[in-house]
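Derivation of every value follows stated rules applied to the coordinates shown; laboratory data play no part. Remember, it's a predicted structure, so these values are computed and weren't measured experimentally. Quick reminder, even Gly has a Cβ in these numbers, built from the backbone with ideal geometry, and neighbours come from all protein chains shown.
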């Protein structure tokens, strides 16, 4: 009997399409009475680490696309974004703009793509401020008061530290 010990990289390749997915699929397809696969106890932790790196990689790609679009290197930014879209089986974009001030949800805007790519990351508010779109009124934010660009300093912190000053408008 042949024994294989597989690590997280092989397990991830089996579930997330990548360069060596066909090799991982072939290995798991050969599990018979003559082939035995052992998966270490800590494999789940390793898989989490590999997936986290994938999420961070996508964040870096979108950040680089933003820099290229602002440079301006629209072709380079479009290539990076389309690479991410192809990896998740979305239709590639024909053009890309940094932000569309008239339409917060413009499908070809980098701000919109960043919102789709990082929707679990809780960075949308920061992105809207960074792209200059936070003060626009939309369905769930009926005010455009600039005081909401910063948060209030908690009253407990103000009472403990006399050097702190409350942010304007609070």
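A few comments on the model shown:
- Residue identified as more than 24 Å from residue 118 (Cβ to Cβ) and surrounded by 14 or more Cβ atoms within 10 Å (Cβ to Cβ) among 12, 37: 37
- Test result for residue 124, crowded, with 17+ Cβ neighbours inside 10 Å, closer than 28 Å to residue 52 by Cα, in contact with a helix residue (DSSP H, G or I) (Cβ under 7 Å, 6 or more places away or on another chain) and free of Cβ contacts under 8 Å to residues at least 60 places away in the same chain: no
- Test set (1) under 27 Å from residue 150 (Cα atoms); (2) in contact (Cβ under 8 Å) with a residue 12 or more places away in the chain; (3) in a loop (DSSP other than H, G, I, E, B) - residue 93 fails condition number: (1)
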